[in-house]
1. Which of the lysines could a cross-linker bridge to Lys242, judged by Cα under 29 Å and excluding same-chain residues fewer than eight apart?
2. Of all the stretches in the chain, which is the longest one without any exposed loop site, taking GluC sites (Glu not before Pro) in a DSSP loop (any state but H, G, I, E, B) with at most 10 other Cβ atoms within 10 Å?
3. Rounded to the nearest 5, what is the percent of antiparallel bridges among the DSSP beta bridges in the chain?
4. With bins 10 Å wide starting at 0, give me the P(r) of the chain over every alpha carbon pair, in whole percents.
5. If I build a Gaussian network model for the chain, linking alpha-carbon pairs within less than 10 angstrom, which residue out of Met95, Met222, Met49 has the largest mean-square fluctuation?
6. So what's the gap between the Cα centers of segment 234-254 and segment 148-164, to the nearest angstrom?
7. In whole Å, what three semi-axes, largest first, describe the equivalent ellipsoid of segment 123-257 built from its Cα gyration tensor (square root of 5 times each eigenvalue)?
8. Which residue, Gln140, Pro105, Thr163, has the largest displacement toward the positive end of the dipole of segment 93-199 when charges sit on each Cβ (Lys, Arg +1; Asp, Glu -1)?
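No lab work stands behind these numbers, since they all come straight from the coordinates. Predicted model only: the values in this text are computed from it and were never measured. As a convention, Cβ positions derive from the backbone with ideal geometry for all residues, glycine included, and neighbour counts pool all protein chains shown.
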Amino acid sequence: STIEYIYYRGIMVPPLAHSEESLEYAQNFSIEDTDVLAVTYPKSGTIWMQEILPLVLNGGDLTPVQTIANWDRVPWLEEKRLALVVDQLPNPRAMVTHLPYHLMPPSLQTSRAKVIYVMRNPKDVLVSSYYFHQMAAFLQDPGTFGEFMNTFLEGKVLFGKWTDHVKSWRHTELGDRILYLTYEEMVEDLPAALRRLSVFLGRNLSEEVIQKIAEHCSFRNMKANPMSNFSLVPNEYMDSKKSPFLRKGVAGDWKNHFSSEQLAKFSSVIKKELENEDFCLPCLD
Ligand code: A3P
C-alpha cells in the first residue's frame, strides 16, 4: 500500500503522529530560556537522547523515567503529542526535533535555550532506517536495500537529505548554545559523552550519578524497558517481530549491508555534497 506522506515547507514527514496543524504549532511554539532541545536526523539516536536528557537535567532521579513513557517525557516539537503533554513537562523542559534549522520557531533564536545535535554515520543511519521502514506501518515499504539507498541519497526520505540536515544545523546563529555529539562517541564511551553533556547543561553531576545514568541508558536496559522500547505502541503501528525499534545499537553495522559498489557510490555522493564544508565529521568513516 502507498503511504500518503505530509509535505510541509518542502520537508516530508510521516502521517499519524504529524499533521499540518502540529507542524504549524511547532513553528509558533514559544521556546523558553530554560528549554533544552535535542536535534537529530531520524535514526541517529533520538530515543537514546530522550532517555538521557531528563536524567541529566534532574540529577539522575529515576522516578519520572519509571512512570512516564520516554516519548512523553521528551516529546517531539513537530508531533501532535507535544500539544497533549506540554503542560505536564517539568522545568527545565526537554524536547526533541527532526526538523531542519530553518524550520525552527523564531523563539529558538531569541531565547537562551540550549541545543544538542546528535549526528550518526550516515551509512548506519541508512541501515537503521531501512529496518525501521520495514517495521513501521506508517512508512512506505523501502524495497531492496539498494533501492532504499537511492531513495536516501536523493533525499526522498523523512525530513529530507541527510547532508542538508547536517549542514543546516552546522550553520546556525546559536554559537555556544549548541553542542555537537556523535552517536559513535556515545557508543564508544557513554559516561564520557554524559560528562560533556552535563557540563554543557550546567549540571555538575558526580561520577556516581554519571555511572547510574549510563547504566540506565545502556542499550540492553533500554531494550528491556517498556518505557523506552516502544513495546507500548500497538503492533499495527510498529511490528517489533519484523525488526525491533532498538535493533542493534552498534556503530558500523553498515559493513554487513553495503557491497563495495554501494560503498563507493554512497561515499562519493556524501563527500561531494559536503565538499565545501569546513567541518570534518568523525562519524563519516
Ligand atoms: P539501530 O537500528 O542501528 O540499532 P532513533 O531513536 O533516532 O530512531 O535511532 C534509533 C537507533 O538508535 C537504533 O539503531 C537504535 O538501536 C539505536 N539506539 C537506541 N538506544 C540506544 C542505546 N541505548 N544504545 C545504543 N544505540 C541505541
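1. Reachable lysines: Lys43, Lys80, Lys123, Lys156, Lys161, Lys223, Lys255, Lys265.
2. 5-172
3. 20 percent
4. Result, from short to long distances: 6, 29, 38, 23, 4, 0 percent.
5. Met222
6. Centre-to-centre distance over Cα atoms comes out at 20 Å.
7. Square roots of five times the eigenvalues give 29, 22, 13 Å.
8. Selected residue: Pro105.
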